[in-house]
Amino acid sequence: MDTKTRITQAAARLFFKNGYAKTTMRAIGEEVGISHVSILSHFNNKADIASTTWWNYIRGLQLKCDQIISELPPPYQQNAEYYRQILWWTLHYKLLSDNQAFREFFISFTHEGPVMTAQQIHQSVLLENGMQLLTIEKSDEFVTNNLITAIDASLASLIGFSMIDYVQAAQKIILISKAIGNLPIDLPTTEEIQAFADKYVAAVQVDILNEFLLADASGE
């Protein structure tokens, strides 16, 4: 295993155990057995390292959803994209609900990493309008995707405060995604989401660390 992979896997273990804020470059270096300064030969900063963990989670979630969808009864298969949206968001929020430290990592990195906050989104629109840095089409997609991600992190925070559960969070993000034009499917009712979650999501067990975070970033 090369040094870069050892760094990303050590960081993933620490992010999963301690969250993002409490994981330092020095702690990652100690986990690997190298100086934290040496890490800078491979990564620019902690957020750069964490991007691998973040994307491994997203990729792992996608593969898990693909597996579950493929095993659903025929009636669900006939409208797979509709149920994939319900599955993706309910499973995502269930995993964040069940794992406090990883939820903290996901929320913190979303705000500090390569995903924009609401204020930065607003600034990007002003720059685009004033200086024509982006085409309208690219700007719309860019802003929409980052807005969804920012809302996603906010809903995860509400789960952490026990203000909503994972089914309620899924219902809200699907509604918001549809409202801003990022989801070309019919809106499921709260009852549909709850029934699907009870039947196909509630019992799903995922070892996030080993199944998702320590996976080969190349996908091989």
- Message: Using each residue's phi in region 53-61, evaluate 6.51 cos²θ - 1.76 cosθ + 1.60 at θ = phi - 60° and report the 3J(HN,Hα) Karplus result to the nearest Hz, with x for Gly and Pro.
- Response: 4, 4, 6, 5, 5, 4, 5, x, 5
- Hydrodynamic radius by Kirkwood, which averages 1/r over all alpha carbon pairs of region 19-109, in angstrom: 15.3 Å
- Note on the structure: Simple spin-label estimate for TRP55/SER41, 7 Å along Cα→Cβ, in nm, reads 2.3 nm
- Task: Please sort 201-210, 96-105 by packing, taking for each peptide the average over its residues of neighbouring beta carbons within 10 angstrom, highest first.
- Result: 96-105, 201-210
- Task: For region 160-176, take each phi angle, set θ = phi - 60°, evaluate the Karplus expression 6.51 cos²θ - 1.76 cosθ + 1.60, and give the result in whole Hz per residue in order, putting x for glycine and proline.
- Result: x, 8, 6, 8, 9, 9, 5, 5, 5, 5, 4, 4, 5, 5, 5, 4, 5
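None of the figures in this text is laboratory data; all of them are computed from the coordinates on show. Just so it is clear, the structure is predicted and the values come from calculations on it, not from any experiment. All Cβ positions, even for glycine, are placed from backbone atoms using ideal geometry, and neighbour counts span all protein chains on display.
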